[in-house]
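The values are calculated or read from the model by the stated rules, or taken from the named source; none is laboratory data. Since the structure is predicted, the reported quantities are computational estimates derived from the model, not experimental observations. In this analysis, Cβ positions are derived from the backbone assuming ideal geometry, glycine residues included, and neighbour counts consider all displayed protein chains.
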Amino acid sequence: MTTATGPVAHRRRELPWWSRFINVLGPMIMIVALCIVMAFAQPRFFGVPNLMIILHDMAIYMVLGMAMTLVITARGIDLSIGAVAALSAVVMAMLIKDGGWNAYLAMAAAVGIGLVCGFVNSVIITRIRVPDLLATLAMDQVYRGIALVLAAGTVLAQFPDPIPFIGRGRLFDTVPVSAVVGILALLLGFVLYNYTFIGRYAAAIGGNKESAILAGINVVRHKTYQYVLMGGAAAVAGILLTGRLNAVQATVGQGFALHTIAAVVVGGTVLFGGRGTMVGTLVGVTLLSMVTNAMVMLRFPFFWQLVASGVIIIASIGFYSYMLRRDNKDKEDF
Amino acid sequence: MSEAVQPVLSMRGIDKSFGGLRAVIDGHLEAHAGEVLAIVGDNGAGKSTLIKVLTGVYQADAGEIRVGGQPAHFRNRRDSINAGIDAVYQNLALVDLLPAPANVFLGHERVVKVLGIPFLDNRGMRRETVRILQERVGVHLDGLDQPALNLSGGQRQAVAIARAVNAADLKVLVLDEPVAALGPQETKATLDLVRSVRDKGIAVIIISHNLEHVFAVADRVQVMRGGRVVGVVNTAESTKREVLGLIVGAETEEVLEA
């Protein structure tokens with residue numbers, strides 16, 4: 001097997017062709033390994049009902065992961081997405097239940113709230129100059145608090161049709177609608193990343209902010225685009241989750257941020273900015289949703305699942321940090 | 001240099017301080033189209049500060065900049081680029097994880113509009129990058145799809161210069177220590193490039209420590225010391241000794257060209 005640990009002196013700047021896929025190769029191998037384990041441990045893992053559960057779960061993280069890939073590529077991070085999803089979903093539910101709003105209008109309002117939350121985050125980060133991590137960690141509390149106050153401890157359930165249809169319906173009795181939404185989001189992300197200013201400048205800002213400024217790129221504006229998009233994506237995730245359960249309360253979405261960041265980083269987007277990959281995010285989302293599902297299937301007690309997912313996140317980010325350090329060490333030999 | 005030819009760029013009475021440090025005092029310079037002006041001086045002489053005022057990175061405390069005779073005010077680098085002034089910095093300011101075409105077009109990407117939405121024309125930019133590198137920089141680049149990180153020092157320099165040359169309506173090209181980190185062959189290629197850019201009617205300002213290179217490529221040399229301009233000489237009528245004297249502060253009385 002070819003490994004990347006050959007003698008450093010023989011390394012050339014020309015990388016082998018497969019190195020372009022190295023980011024996706026690691027998680028792909030893990031997916032295969034997991035499938036092999038599950039084939040022996042619990043064949044029901046591959047049953048259509050369970051695959052549907054996995055797809056529904058993936059859909060939410062595809063939407064979140066798409067925007068998070070852009071945020072992280074620009075060397076940002078958003079820890080508030082769980083609370084933004086909860087707040088948007090709670091407001092949507094209350095508009096329908098208490099306000100008698102049309103469901104489509106209420107969904108549009110939810111997305112609007114997500115966009116506003118993202119905009120507020122970006123203002124705090126770019127204008128008040130609070131570091132991304134702390135700003136969104138604090139705003140997570142603010143949005144969560146508002147959602148809790150609004151919902152006042154109630155669970156809102158039983159929504160008119162478009163909402164459960166989006167969350168758990170199927171197109172032509174086969175394809176889950178939410179998975180379609182997720183794939184469309186990732187396709188949009190792919191186009192944004194590779195073919196628009198939004199993606200190109202996210203990579204430039206994350207790769208070398210000083211150079212980006214020298215090239216005349218408006219960093220404040222593009223940070224704003226990324227966080228607004230992230231907020232909108234969080235709202236869509238909130239709608240999908242609400243539809244899937246056909247119910248919502250203010251405490252939903254608490255693991256969104258860490259799970260999404262882990263999926264994005266496992267997929268090969270560099271946590272320290274400069275390079276992202278939507279294909280990698282799809283693979284990362286797939287792996288993490290499968291792992292989470294496998295733990296449920298294997299009847300891991302819920303509290304141990306929390307421990308396991310935390311460990312997986314640390315391990316994957318630690319692994320990529322190590323790879324990055326090693327790559328930089330090699331550079332000194334050039 | 002007292003012909004009636006209007007300089008494409010002139011700076012006058014530029015002052016710039018950082019706290020108590022007066023980095024540039026009464027700084028001035030004139031750049032003419034189709035001419036290479038070298039700025040020399042010891043470390044801390046104020047060369048880089050003067051150039052950063054020119055490129056809009058710093059704002060002068062006092063003084064005026066004129067481009068083509070018109071007063072110009074640069075609040076940021078974008079203003080300066082829009083006025084036709086672009087710079088290649090010592091660190092090249094490349095985004096290492098992006099490939100050459102993305103770097104060459106960074107900040108002024110080509111777009112194709114589909115339904116009114118601008119999409120990056122990656123193929124067009126790649127093609128144009130090959131053309132610029134070949135026709136205007138005289139370099140053939142293999143790793144066009146690789147991150148700039150994987151290119152050699154000379155290749156990175158070529159990409160950085162291609163980017164500046166590519167800037168819309170370039171009137172003044174500033175090169176900050178362009179050959180400091182290059183080997184002999186790459187140095188020669190870069191100096192050839194400086195000449196070819198000059199011959200296309202662009203004013204080139206080059207900051208360098210190496211008088212050998214300065215005398216090889218520059219038409220005029222401006223010497224700075226302690227934040228002040230202490231002399232401007234024509235390389236054809238001067239010697240390295242004379243310029244060296246100006247740099248270190250000897251023989252100032254003997255050369256009064258400024």
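Key figures
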quantity	calculated
Selection count, the stretch B:108-146, where residues are in contact (Cβ under 8 Å) with a residue 40 or more places away in the chain and either more than 10 Å from chain A (Cβ to nearest Cβ) or closer than 14 Å to B:Val159 by Cβ (or both)	9
Restricting the stretch B:97-107 to residues that are assigned to a helix (DSSP H, G or I) and touching a residue at least 40 places away in the same chain (Cβ under 8 Å), the residue that is surrounded by the most Cβ atoms within 10 Å (Cβ to Cβ)	B:Val104
Per-region count, the stretch A:215-232, residues touching a Phe, Trp or Tyr at 6+ places or on another chain (Cβ under 8 Å) and surrounded by 24 or more Cβ atoms within 10 Å (Cβ to Cβ)	2
Single condition B:His73 does not satisfy, out of (1) in the same structural domain as B:Leu211 (by TED's automatic domain parsing); (2) without any contact (Cβ under 8 Å) to a residue 40 or more places away in the chain; (3) surrounded by 15 or more Cβ atoms within 10 Å (Cβ to Cβ)	(3)
Boolean, B:Glu177 is at pLDDT 80 or above, under 26 Å from B:Lys16 (Cα atoms) and acidic (Asp, Glu)	yes
Verdict on A:Ala235 being within 14 Å of the chain's Cα centre (by Cα), over 16 Å from A:Met30 (Cα atoms), surrounded by 24 or more Cβ atoms within 10 Å (Cβ to Cβ) and of a type in the set (Gly, Ala, Ser)	yes
Check on B:Pro184, on the phi < 0 side of the Ramachandran plot and in contact (Cβ under 8 Å) with a residue 24 or more places away in the chain	no
In the stretch A:10-37, the residues that are charged (D, E, K, R) and either at pLDDT 85 or above or under 22 Å from A:Phe319 (Cα atoms) (or both)	A:Arg11, A:Arg20
